[in-house]
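**Q** Please see the structure below; I have some questions.
The values are calculated or read from the model by the stated rules, or taken from the named source; none is laboratory data. Keep in mind that this is a model prediction, so the values were computed, not measured. Here the Cβ is made from the backbone with ideal geometry for all residues, glycine too, and neighbour counts use every protein chain on show.
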Amino acid sequence: MDANPVQDTKLFIPALRGFYDRVVPLSYTLIRITCGLMLIPHGWPKLMQGAQAFGAASLARRGIDPMFAYIIIFNETLGALMLAAGLLTRLVAASIAIQMLVIVIIYLPKGFGWTHPGYEYVLMWGLIAFALALGGGGPYSLDRKIGREL
């Protein structure tokens with residue numbers, strides 16, 4: 001993620017190059033932080049409900065092993081905070097992307113739609129998490145501060 005794609009781009013307004021050189025690395029950080037923080041409102045109620053209750057109430061009735069509640073709650077709370085901070089980014093983002101893929105598969109038969117349960121929102125966040133798993137923490141992350149990434 002260190003490469004700045006603007007550097008090799010012929011800009012319509014060349015005077016903007018300095019601005020783009022400064023903000024392009026921030027855009028990746030903004031996406032990573034947003035992806036992580038947007039998961040927390042989904043995970044917090046599950047955490048407050050408790051893994052066993054969430055697993056029994058929500059997962060078991062969909063035919064999913066209730067033990068996955070622990071992974072889901074981790075991904076959507078502590079994992080989400082780790083993603084936002086850029087800590088173990090590739091591992092956490094991959095786990096979130098896999099979770100979103102499973103949800104997409106579950107909702108695929110319900111179709112695409114904003115007004116009824118559909119897969120488009122989950123698919124979008126899954127693809128963003130997958131992209132973060134590929135790209136790592138980026139220049140402004142705890143991974144970079146520590147000096148190690150997966």
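**Q** Among Ala69, Ala85, Ala51, Ala97, which is surrounded by 15 or more Cβ atoms within 10 Å (Cβ to Cβ), within 10 Å of the chain's Cα centre (by Cα) and among the small types (Gly, Ala, Ser)?
**A** Checking each option against the conditions leaves just Ala97.
**Q** Restricting attention to region 56-73, and to residues there that are over 19 Å from Tyr107 (Cβ atoms) and part of a helix (DSSP H, G or I), which single residue is modelled with the lowest pLDDT?
**A** The residue in question is Ala56.
**Q** In region 16-48, which residues are at pLDDT 95 or above, loosely packed, with under 15 Cβ neighbours inside 10 Å and among the polar types (S, T, N, Q)?
**A** Thr34
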